[in-house]
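Novice: Quick one: structure below, then a few questions.
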Amino acid sequence: MGGIKRALFAGSTGFLVAGAAMAADAPAIDQQRTEVESVTVTGIRPGEPASLKTDIPPLETARAISVITAQTLQEQGITRLADALRNVAGVSRSSTYGYFDAFQIRGYDAAYGSIFLDGLTSGNVAGAVNELAGLEQVEVVKGPASVLFGASPLGGVVNLVSKRPKAEPLLDVGVATGSYDLREITVDANHALTKDGSLLGRVNLVYRDADAFVKNSHSQRIYIAPALTWKIGADTRLTLLGRYQRDYDSPWSPLSAWGTILPSAHGPLPLDFDVNSRGAERAINNLNAKQIGYVFDHRFSDTFKFSQTVRYEKRQTYWNRWMFVAGFMDDNVVDGVQQGHVLGRYLYGPFFETDKEFGADSRLTATFNTGAIGHKVLAGLDYHRMRNVNAGVGNYNPSDNALDILNPDYDAPHVPNTDALSPTKGKTSQLGFYLHDHITIGEHLTLTVGGRWDQAKSGGQEDKKFSPSAGATWSLTPGASLYANYSKSFTPTPSWQTTFDGSLLPPETGQNIEAGLKVRTEDGMLSGSIAAYQLTRQNVATDDPDHLFFYVVTGEQRSRGVEVEGAWRPTTAVVVTAAYAHINAKVTKDNTLPVGLPLANFPENSLNLWGKYTVQEGIFARLGMSLGLLYNSDKHLYEGQLYTLPSYTLLNAGLSYDLGPWDLNLTADNLTDKRYFPDACCLDRITPGAPRNWRLSLRRSF
């Protein structure tokens, strides 16, 4: 790291501002705090999901929603979305290449079309890496969410909620250091811009520079997220939201299965082995993203409320000299052990891509009674448009850029593809209308019925679909309720996902049947949920095993599972959270894959435990100690063929100290230095997990 970066980091340490320490009795995940206060009056409150778009009480929500607050992210030292989602039952990493935001929800891949920002789709392209410092919380809506979000994966969606201006002044500045030469500076500044408080401003800033556990890897990020709220009147407000993100990265690539999860005659590959580098020519993956939008809210009366969210985003991506495993050129397996040592590699790049994305969601809420029956009707119209231009080449002859793992010559010149760059343009659009009614009948029964009509266009193909949804809850006690729902999903495939003969793929469809129990005691000591579901998925696009970068459509898949999430606060000093999931996902109908074949890249059983104890009295008062456990069972690869990723258990720990205006937080992941592999792609690209690592942050609040 250069002297300028060190000087910037060192100079900021004398200028720290960090928020007060987080309360020890707050849960890491609050599944049951689902009452949404109207954003027309108060805005988003931490722990309460904005995904429902209405103020439905918590125990009347016939849907599983998990919320991860900014407090949890800070306490656990989390800066990556994949790490945040380990707190949610039924969500696991999928084909991240060690870098991307990609995950499975309830056994189904959710890499594309599953990430939303403030209710609008955002960053759903390969290579998306979202910044968490500018978020109030991360929400996971499980099961089909088409009725609210339009075309989206069957397993569920992730909604990121931006930090917004508040009435109370705030100025937090923090620095962090840690493993792999981490240097980080964060600023969160909020203040009223007028004396009467009608104009509020907030800005979040991040500078992060770090290496990785793999040799020759590096990342640098600059992130700026300004926000401005204008309280036009008692019932009207307008919030402008902006974001700028610039990433300069030299990412690392996955390793071969031989030497990681399969035996090699040359022993295990070191986890820090560099597949990418060509001497000084590091791999490149750069991103420049800008967005501007607004959220407008107006309350006409106690009956009618109107909200509108609009955003425009432009992303520019550049890849070059990025290598990926392509098997061994001297492949020779004897008694199940690989004898080869010359690794074939594909070269990606140069590749340029520009995405221009526009989204708008307008919704009207009406609250009224028909006799003794209460209604809360939500009607909305949304539109999404994506324009894409990309140009790129690659060398997919694995022998041209081969690498001897026993004697890697990183100074050998790479062999590029000399073909001229040929720009390709793509465009997609979606128009949807949704309507649903939350009906209250007596003191115990609520019904939610509705549906959505979509018109989606992609690559010259147009699809129209109606997606119904119905749910019910029954109140057992003031703190417990049963729920059940049925819903359908509709997901057009991207225009770049084609068969080998160039044909466009049909849209993916799915259905969900779900039932569960929700609990939230009045004293807040216990909150949690249990859910059982069956998801059925048709027209699934999967990698063509015979043709690189092309896809085939499988017939039908089914996922059945059980999820348990909860938070327990026996005293003000102790909080314990848990998330467990059991998933059975397999092929049920297909012309090529065997029926009963397990689906890929999800653990059949997963468990996440986290607990924190905060000293209440004495000289160590406000000292917090936390411990976490993450377990994932085996994962099948590529629909169960060839081999599996082995199970693993990780231990994480943390220490925090609230010193009034100062907050010190130390976290350590993978305490036992476990060698593990959390996800994979394309049979022979295995993502290694990070060895033991630590992060120390210091914040101060004025």
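Novice: Only one residue in 367, 428 is surrounded by 15 or more Cβ atoms within 10 Å (Cβ to Cβ), in contact with a Ser or Thr (Cβ under 7 Å, 6 or more places away or on another chain) and within 30 Å of residue 302 (Cβ to Cβ), so which one is that?
Specialist: Working: 428 fails: within 30 Å of residue 302 (Cβ to Cβ).
367 is the lone residue from the list that is surrounded by 15 or more Cβ atoms within 10 Å (Cβ to Cβ), in contact with a Ser or Thr (Cβ under 7 Å, 6 or more places away or on another chain) and within 30 Å of residue 302 (Cβ to Cβ).
Novice: Find the strands (runs of 3 or more DSSP E) located wholly in segment 366-471 whose residues include 2 or more that are in contact (Cβ under 8 Å) with a residue 40 or more places away in the chain and among the basic types (Lys, Arg), and list them.
Specialist: Values: elements: 373-395, 424-441, 445-458.
Ranges flagged: 373-395.
Novice: When you go through 470, 456 one by one, which is the residue that is surrounded by 13 or more Cβ atoms within 10 Å (Cβ to Cβ), out of contact with any Cys (no Cβ under 7 Å at 6 or more places or on another chain) and at pLDDT below 95?
Specialist: Working: 470 fails: at pLDDT below 95.
Every option except 456 fails the conditions.
Novice: Of 241, 271, 287, which residue is in contact with a Pro (Cβ under 6 Å, 6 or more places away or on another chain), touching a residue at least 12 places away in the same chain (Cβ under 8 Å) and crowded, with 16+ Cβ neighbours inside 10 Å? Spell out the reasoning first.
Specialist: Numbers: 241 fails: in contact with a Pro (Cβ under 6 Å, 6 or more places away or on another chain); 287 fails: in contact with a Pro (Cβ under 6 Å, 6 or more places away or on another chain).
So the residue among 241, 271, 287 that is in contact with a Pro (Cβ under 6 Å, 6 or more places away or on another chain), touching a residue at least 12 places away in the same chain (Cβ under 8 Å) and crowded, with 16+ Cβ neighbours inside 10 Å is 271.
Novice: Quick check on segment 122-136. Is at least one of its residues assigned to a strand (DSSP E or B) and surrounded by 24 or more Cβ atoms within 10 Å (Cβ to Cβ)? Working first, answer last.
Specialist: Step one: of segment 122-136, the residues assigned to a strand (DSSP E or B) are 135-136.
With surrounded by 24 or more Cβ atoms within 10 Å (Cβ to Cβ) added as a condition, the list becomes none.
Checking segment 122-136: not a single residue is assigned to a strand (DSSP E or B) and surrounded by 24 or more Cβ atoms within 10 Å (Cβ to Cβ).
Novice: Among the residues of segment 276-300, write down those that are of a type in the set (S, T, N, Q) and either assigned to a strand (DSSP E or B) or under 27 Å from the mean Cα position of the chain (by Cα) (or both). Spell out the reasoning first.
Specialist: Just the residues of segment 276-300 that are of a type in the set (S, T, N, Q), to begin with: 276-277, 285-286, 288, 291.
Those that are of a type in the set (S, T, N, Q) and either assigned to a strand (DSSP E or B) or under 27 Å from the mean Cα position of the chain (by Cα) (or both): 276, 285, 286, 288, 291.
Novice: Would you point out the residue of segment 664-694, among those that are at pLDDT below 95 and not in a loop (DSSP other than H, G, I, E, B), that is surrounded by the most Cβ atoms within 10 Å (Cβ to Cβ)?
Specialist: Per the stated criteria, the residue is 680.
Novice: Based on what the data block shows, is residue 148 buried (at least 22 other Cβ atoms within 10 Å of the Cβ), of a type outside the set (Asp, Glu), more than 23 Å from residue 226 (Cβ to Cβ) and out of contact with any helix residue (DSSP H, G or I) (no Cβ under 8 Å at 6 or more places or on another chain)?
Specialist: Working: buried (at least 22 other Cβ atoms within 10 Å of the Cβ): yes; of a type outside the set (Asp, Glu): yes; more than 23 Å from residue 226 (Cβ to Cβ): yes; out of contact with any helix residue (DSSP H, G or I) (no Cβ under 8 Å at 6 or more places or on another chain): yes.
In short, yes.
Novice: Would you check if residue 258 is surrounded by 16 or more Cβ atoms within 10 Å (Cβ to Cβ), under 27 Å from the mean Cα position of the chain (by Cα) and aromatic (Phe, Trp, Tyr)? Outline the logic, then answer.
Specialist: On the way: surrounded by 16 or more Cβ atoms within 10 Å (Cβ to Cβ): yes; under 27 Å from the mean Cα position of the chain (by Cα): no; aromatic (Phe, Trp, Tyr): yes.
Against the criterion (surrounded by 16 or more Cβ atoms within 10 Å (Cβ to Cβ), under 27 Å from the mean Cα position of the chain (by Cα) and aromatic (Phe, Trp, Tyr)), residue 258 does not qualify.
Novice: While we're here: Go through segment 449-463 and count every residue that is under 21 Å from residue 512 (Cα atoms) and touching an Asp or Glu at 6+ places or on another chain (Cβ under 7 Å).
Specialist: 2
Novice: Now for a separate question. Can we say residue 511 is more than 21 Å from residue 105 (Cα to Cα), surrounded by 17 or more Cβ atoms within 10 Å (Cβ to Cβ) and within 24 Å of the chain's Cα centre (by Cα)?
Specialist: Values: more than 21 Å from residue 105 (Cα to Cα): no; surrounded by 17 or more Cβ atoms within 10 Å (Cβ to Cβ): yes; within 24 Å of the chain's Cα centre (by Cα): yes.
It is false that residue 511 is more than 21 Å from residue 105 (Cα to Cα), surrounded by 17 or more Cβ atoms within 10 Å (Cβ to Cβ) and within 24 Å of the chain's Cα centre (by Cα).
Novice: Ok, one more. Here is a check on your reading of the model: is residue 136 in contact with a Pro (Cβ under 7 Å, 6 or more places away or on another chain) and among the charged types (D, E, K, R)?
Specialist: Numbers: in contact with a Pro (Cβ under 7 Å, 6 or more places away or on another chain): yes; among the charged types (D, E, K, R): yes.
For residue 136, the condition - in contact with a Pro (Cβ under 7 Å, 6 or more places away or on another chain) and among the charged types (D, E, K, R) - is met.
Novice: Pick from segment 480-502 the residues that are closer than 28 Å to residue 469 by Cα, in a strand (DSSP E or B) and among the hydroxyl-bearing types (Ser, Thr, Tyr): which of them is modelled with the lowest pLDDT?
Specialist: The selected residue is 491.
Let's see how each residue does on (1) surrounded by 16 or more Cβ atoms within 10 Å (Cβ to Cβ); (2) under 19 Å from residue 563 (Cβ atoms); (3) more than 27 Å from the chain's Cα centre (by Cα):
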{"site": "604", "(1), (2), (3)": "yes, yes, no"}
{"site": "608", "(1), (2), (3)": "yes, yes, no"}
{"site": "611", "(1), (2), (3)": "yes, no, no"}
{"site": "621", "(1), (2), (3)": "no, no, yes"}
{"site": "628", "(1), (2), (3)": "yes, yes, no"}
{"site": "631", "(1), (2), (3)": "no, yes, no"}
{"site": "655", "(1), (2), (3)": "no, no, no"}
{"site": "658", "(1), (2), (3)": "yes, no, yes"}
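Novice: Also: Collect the residues in segment 171-217 that are surrounded by 20 or more Cβ atoms within 10 Å (Cβ to Cβ) and over 24 Å from residue 249 (Cα atoms), keeping them in residue-number order.
Specialist: 172, 173, 188, 190, 200, 202
Novice: Would you confirm whether or not segment 557-578 contains a residue that is modelled with pLDDT of 90 or more, under 23 Å from residue 467 (Cβ atoms) and surrounded by fewer than 19 Cβ atoms within 10 Å (Cβ to Cβ)?
Specialist: So the first thing to find is which residues in segment 557-578 are modelled with pLDDT of 90 or more, and the list is 557-578.
Those still in the list that are under 23 Å from residue 467 (Cβ atoms) too: 557-561, 563.
Imposing the further condition that a residue be surrounded by fewer than 19 Cβ atoms within 10 Å (Cβ to Cβ) reduces the set to 558, 560.
Yes - at least one qualifying residue is present in segment 557-578.
The values are calculated or read from the model by the stated rules, or taken from the named source; none is laboratory data. Computed from a predicted structure; not experimentally measured. Positions of Cβ are backbone-derived with ideal geometry, glycine not excepted, and every protein chain shown enters the neighbour counts.
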